[in-house]
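The values are calculated or read from the model by the stated rules, or taken from the named source; none is laboratory data. Quantities reported herein were computed from a predicted structural model and do not represent experimental measurements. Cβ coordinates were reconstructed from backbone atoms using ideal geometry, including for glycine residues, and neighbour counts include every protein chain displayed.
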Amino acid sequence: MKRRGLLALGAAAAGAPAIAARAQRSLPLVGVLMAGAESSEENRPRIAAFRSGLADLGWRDGETVRIEYRWSAGRMDTMQRHAEELIALAPNVIVANSTSAIVTVKKLSSAVPVVFALAIDPVGLGQVQSLSRPGGNMTGFTYIDPDLIGKWMGLLQQVKPDTARVAIVFNRKTMSVYDSFVGTLAAQRRSGAPELVALAVQTDEELDAAVETFARSPGGAMAVGPDPFNQVRIRRLAQLAARHRLPSVSVYRPFVAEGGLMAYGPDTADIFHRAAGYVDRILKGAKPADLPVQQPIKFEFAINLAAARALGVTISPTLRALADDVVD
């Protein structure tokens, strides 16, 4: 009798992994397609905020929901492969981080619900019909717009009034939208405003050469906007700005920790926390078409005083008082 009991117990124990696997498969599935690297100083707080937001709403990975993360590390071929993998899993919703991720997913499916996090100009790029009524299978949260780029140029002029040209670094394969932004700002340029110069590159060698060439003329400064290509090269970009004595500003806060002069942009962890709310609503039956696209509501400003001294520029007491973080 005891032997039969032990055999039954052993059979139950052997079947436990299969039962657990079936339970996992029955959970709602959320795919997360990230543009950058998992180890990035930018991405760790974003994912922590996303998980926290889901947990606050009762969604715990492995218990009430299954989450599949994919990291593209700034490579479009990797992003394409990961997007295909996620869609093949038939998720209930995909969180797409960055414009390049959104474009990739949109080409593959018009049916899977998508919540985008950190989109740039989703209306202009045809990803949604309008901010208030997205239509289709996509909605989410925007990142930067021409007004924010204008703010960067104003900050650079405040620390160096003779700034005449601002190079914006990007890769057309991963973030072609900057061509449109540069054209928009050029058309709106007021007298005395710096000229915005598109510095489109695709490799480290092209980046080094382009910045060196740009820096040969006086009055230059550099802006580092959101782009998977830039995100995985924050240290290199900060070092290039310092080497060529270019006042610089970036949307990425770690840029300042790496020696860049300033960082100003939306609080991206807050955006990911809010994105969890849209995932919750879609898992409960809401449709992306009915959820308005939302814009950033929190911004962060950081300054590196050591970089300012090395450049010989002055950070006014007023500007310093506005900073959320001052590195010295």
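Details
- The requirement of being surrounded by 15 or more Cβ atoms within 10 Å (Cβ to Cβ), over 19 Å from T268 (Cβ atoms) and touching a helix residue (DSSP H, G or I) at 6+ places or on another chain (Cβ under 7 Å) is fulfilled somewhere in the range 289-296, by at least one residue.
- The residues in the range 186-201 that are in contact with an Asp or Glu (Cβ under 8 Å, 6 or more places away or on another chain) and assigned to a loop (DSSP other than H, G, I, E, B) can be counted, and the count is 1.
- Within the range 169-194, tally of residues that are within 20 Å of L156 (Cα to Cα) and surrounded by 16 or more Cβ atoms within 10 Å (Cβ to Cβ): 9
- The condition of being among the aliphatic types (A, V, I, L, M), surrounded by 19 or more Cβ atoms within 10 Å (Cβ to Cβ), in contact with a Ser or Thr (Cβ under 6 Å, 6 or more places away or on another chain) and in contact (Cβ under 8 Å) with a residue 24 or more places away in the chain holds for only one of A302, A276, A221, A269, that being A221.
- The single condition among (1) modelled with pLDDT under 95; (2) part of a helix (DSSP H, G or I) that A241 does not meet is (1).
- Close pairs (7 angstrom Cβ cut-off, 6 or more residues apart or separate chains): over 14 Å from Q231 (Cβ atoms) in the range 25-50, among the aromatic types (F, W, Y) and assigned to a strand (DSSP E or B) anywhere: V32/Y69
- Cβ-Cβ distances below 8 Å connect the following pairs, each with a first residue in the range 237-252 that is more than 22 Å from A37 (Cα to Cα), a second residue that is among the charged types (D, E, K, R) and in a loop (DSSP other than H, G, I, E, B), and a separation of six or more residues or different chains: P247/K160.
- Candidates in the range 48-79 are the residues that are assigned to a loop (DSSP other than H, G, I, E, B) and touching a strand residue (DSSP E or B) at 6+ places or on another chain (Cβ under 8 Å); of these, the one that is modelled with the lowest pLDDT is S72.
- Residue count for the range 138-157 satisfying the condition of being modelled with pLDDT of 95 or more and more than 20 Å from the chain's Cα centre (by Cα): 3.
- Any hit, the range 76-94, residues being under 22 Å from I168 (Cα atoms), outside the structural domain of F181 (by TED's automatic domain parsing) and in contact with a Lys or Arg (Cβ under 8 Å, 6 or more places away or on another chain): yes
- One residue alone among G225, G277, G259, G265 is modelled with pLDDT under 95 and not hydroxyl-bearing (S, T, Y), and that residue is G225.
- Here N43 clears all of (1) closer than 23 Å to R274 by Cβ; (2) over 15 Å from the mean Cα position of the chain (by Cα); (3) not hydroxyl-bearing (S, T, Y) except the condition numbered (2).
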